[in-house]
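Here the structure comes first, spelled out in C-alpha cells, and everything after it is commentary.
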Amino acid sequence: MTDTQWWYITRATGIVATVLAVAALVFGFFFSSRNTGERRRPAWWLDLHNWLGGTTLVFTVVHIVASYLDRNSGIGLLQVLVPGTAKNASWAITWGVIATYTFAITVFTSWPRKRLRPRLWRLVHLTSVVGVALAGLHAFQVGIDATTLAFEAGLAITAALAVYALGVRVLALLVNRTHQG
Amino acid sequence: MSDRRILPPGDPLLARLERLERERQGTNNRQVPTGTSPRQFAPPTATLNARQYALQAARQYAPQPAPQPARQYAPQPASPAAPPASPQAARLAALQAARQPAGQTARPLAGKQARRKRPARVAKFGALALSCATTAGLVYLFADINTTQAANQALAALPTAVPVATTGAAPATPSTVPATTPVVDSATTVVVAPTTIAAPVVPVVQAFNGDVIDTRYGPVQVQLQFTNGGISEVAVVAYPDGDGTSVRINARALPTLRNEVLAAQSAQINSVSGATYTSNAYKKSLQSAIDQARAAGITAIA
Ligand code: HEM
Ligand code: HEM
C-alpha cells in the first residue's frame with residue numbers, strides 16, 4: 001500500500017467514524033430520554049447504541065493506524081498518544097487525540113459498567129459528548145475535504161442531529177423534573 | 001425465602017435471584033439450598049430510598065393473583081417478617097409485584113423477552129455493513145478524484161496556443177491561412193508587424209491552427225508553431241474534456257503525441273493506444289495545419 005492509499009483510508013475512516021460517533025450519541029440520548037420520560041424505550045436502541053459506540057472506536061483506531069502508516073501525514077506514535085505534539089495542524093490533531101481518549105474511556109467503562117457507581121459511570125460516559133464535538137472540530141480543521149461543499153453540508157447535518165438529540169434529552173430531563181414537583 | 005415463592009420453578013428471574021445470591025456469597029456453588037437463606041438480610045428502613053420504599057410498599061399491597069390451576073405461581077404471603085435475600089432481589093421482586101396488574105398472574109421476564117436480549121441484530125449489522133461500504137466507496141471516490149486532478153494538472157502543463165493573426169478580409173476560421181505572415185513574439189504573445197522586427201535576431205514564430213476535427217467524444221484541434229521554419233511546438237486548442245475518463249485518457253495521450261510530433265517534425269506519428277479517437281483526430285488536424293504552413297511558404301517540413 002502506498003502513502004496515498006493510506007491517506008485515502010485515513011480520510012474515509014475519519015468521516016465514517018465521525019458519522020458513527022454522532023449516531024451513537026443520538027441513540028444514547030434518545031434512549032436515556034425515554035428512560036426519564038414515560039414512553040417505552042425499545043431495548044434495541046440501547047443495544048444499537050452500544051454497538052455503534054464500539055464500532056466508532058474501531059473505525060477511529062483504523063483511522064489513526066492509517067494516518068500513522070501514511071508517511072506524509074506527520075503522525076507518529078507520539079503524536080497519536082500525546083496531545084499537542086503534532087507539528088502540522090497541532091490544535092486540530094490535539095482535538096482528535098482527546099476525542100479518541102474519550103471514546104476509548106467511554107467504551108471500556110461500559111463493559112464493566114455494573115462495577116462502577118451509576119453517577120460516576122454516567123459522568124465518565126458523558127465525556128464522550130465532548131469527544132464527539134472535538135472530533136467534529138478536528139474533522140473541520142484538518143480535513144482536506146473540509147473545503148468541499150458536500151463535506152461541510154454533511155458535517156452541518158450531523159451536528160444538527162446531535163444538537164437535536166441533546167435537545168430531546170434536556171427537554172425530557174426538564175419535563176421529568178417538573179412532573180416530579 | 002419469600003421472593004422465591006412468588007416465582008415458578010425454572011423461572012429466569014429465579015435463576016437471576018439465585019445468581020445474585022451466589023455472587024453475594026462469593027461462591028459458584030449452583031446448589032443453593034432452597035428454603036434456607038444462607039445470609040438473612042434485613043435492610044434498615046433508613047437506607048431505603050423513596051423509590052425502593054414505594055416499590056416495597058407496592059409489593060406488599062399489590063392485589064394477590066387469583067389461584068389458577070395451570071402455570072400458577074405460589075401465592076405470596078405478604079409477610080413483612082420474611083425479608084428478601086438482598087436489596088437487588090428485593091427490588092426485582094418488588095418491581096415484579098408492582099407491575100402486576102390486578103387479577104393477573106405475575107409476568108416474569110420469560111420467553112421471547114428474555115431471549116431477545118440482543119434485539120438490534122439487523123440494525124447493528126446493517127450499520128456495520130453500511131460503514132464498511134461507505135469507507136470503501138469513499139476510498140474509491142478519493143482515488144478517482146485524485147487521478148482526475150493529476151490528469152487536469154498534466155493537461156494544464158501542456159503548451160498553450162498563441163493567437164493567430166488573420167487579415168480582416170479572411171474569415172476567422174482556424175483553417176484560414178494567414179494572408180500576411182503572422183509574427184508572434186513567443187514570450188509575450190504580442191502580435192507585431194513583421195517589418196518592425198530585425199528578422200535574423202528575434203526568432204519568428206508562425207502559428208497555424210489546424211482544422212477542428214470532431215470525434216464522438218468532442219472536437220480536437222491542434223496549433224502548430226514554427227520557429228525559423230521548423231516545428232517548434234504543437235499546442236492543443238481543443239480536446240475532449242467533458243468527462244473524467246476523457247480527461248484521464250487525453251492527459252496521457254496528448255503529451256505523447258506532442259513529443260512524437262516534435263521528434264518527427266511531421267504528421268507521420270503513431271497513435272497512442274487506448275486513445276485512438278483523439279490520436280486520429282489529432283493527426284488530421286495536424287496535417288491540415290502543415291498544409292497551411294506549406295501554403296504559407298514554409299517548406300522545411302518532412
Ligand atoms: C463513542 C461512543 C459512545 C458515545 C458517544 C456514547 C454516548 C452516550 C450518550 C450521550 C448517552 C446518554 C447519556 C445520558 O443522557 O445520560 C449514552 C447512554 C448510554 N450508553 Fe453510551 N456512548 C458510547 C458508547 C457506549 C458503549 C460502547 C456502551 C456499552 C457497551 C454504552 C452504553 C450506554 C448505556 C447503557 C447508556 C444508557 C444510560 C442510561 O440512560 O441509563 N455507550 N451514551
Ligand atoms: C489520535 C487521534 C487522531 C489522529 C492522529 C488523527 C489524524 C488525522 C489526520 C492526520 C487527518 C488528516 C488527513 C488529511 O491529510 O486529509 C485527519 C482527518 C480527519 N479525522 Fe482524524 N485523527 C484522530 C482522531 C480522529 C477522530 C477521533 C475522529 C472522529 C471520530 C477523526 C475524524 C477525522 C475526519 C472526519 C477527518 C477528515 C478527513 C477528510 O479530510 O476527508 N479523527 N485525522
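Does at least one position in region A:105-113 carry a residue that is among the β-branched types (V, I, T), within 15 Å of the chain's Cα centre (by Cα), closer than 26 Å to A:L46 by Cβ and surrounded by fewer than 16 Cβ atoms within 10 Å (Cβ to Cβ)? The answer is yes; a qualifying residue exists. Among residues of region B:232-250 that are in a loop (DSSP other than H, G, I, E, B), those with a beta-carbon under 6 Å from a residue that is β-branched (V, I, T) at least six positions away or on a different chain give the pairs B:Y239/B:V220; B:D241/B:V247. Scanning region A:134-168 for residues that are within 26 Å of A:S73 (Cα to Cα), buried (at least 17 other Cβ atoms within 10 Å of the Cβ) and among the small types (G, A, S) gives A:A135, A:G136, A:A139, A:G143. Of all the listed residues (B:Q149, B:Q113), the sole one being more than 9 Å from every other protein chain (Cβ to nearest Cβ), at pLDDT below 85 and part of a helix (DSSP H, G or I) is B:Q149.
Can you say whether A:L69 is in contact with a Phe, Trp or Tyr (Cβ under 6 Å, 6 or more places away or on another chain), near ligand 1 (Cβ under 9 Å from one of its atoms) and either under 22 Å from B:N146 (Cα atoms) or at the interface with another protein chain (Cβ under 9 Å from one of its Cβ atoms) (or both), as far as the supplied structure shows?
Working: in contact with a Phe, Trp or Tyr (Cβ under 6 Å, 6 or more places away or on another chain): yes; near ligand 1 (Cβ under 9 Å from one of its atoms): no; either under 22 Å from B:N146 (Cα atoms) or at the interface with another protein chain (Cβ under 9 Å from one of its Cβ atoms) (or both): yes.
It is false that A:L69 is in contact with a Phe, Trp or Tyr (Cβ under 6 Å, 6 or more places away or on another chain), near ligand 1 (Cβ under 9 Å from one of its atoms) and either under 22 Å from B:N146 (Cα atoms) or at the interface with another protein chain (Cβ under 9 Å from one of its Cβ atoms) (or both).
I'd like the residue in region A:61-89 that is in contact (Cβ under 8 Å) with a residue 60 or more places away in the chain and surrounded by 12 or more Cβ atoms within 10 Å (Cβ to Cβ) and, out of all such residues, is farthest from A:A24 (Cα to Cα). Among them, the one singled out is A:R71.
State all residues of region B:216-231 that are buried (at least 18 other Cβ atoms within 10 Å of the Cβ) and either under 18 Å from B:T276 (Cβ atoms) or in contact with a helix residue (DSSP H, G or I) (Cβ under 9 Å, 6 or more places away or on another chain) (or both); if no residue qualifies, say none. Outline the logic, then answer.
Going through region B:216-231, the residues buried (at least 18 other Cβ atoms within 10 Å of the Cβ) turn out to be B:217, B:220-226, B:231.
Residues satisfying the conditions are B:Y217, B:V220, B:Q221, B:V222, B:Q223, B:L224, B:F226, B:I231.
The values are calculated or read from the model by the stated rules, or taken from the named source; none is laboratory data. What you see is a predicted model, and the numbers here were worked out from it, not measured in a lab. A quick note on method: Cβ atoms are made from the backbone with ideal geometry, for glycine too, and the neighbour counts reach across all protein chains shown.
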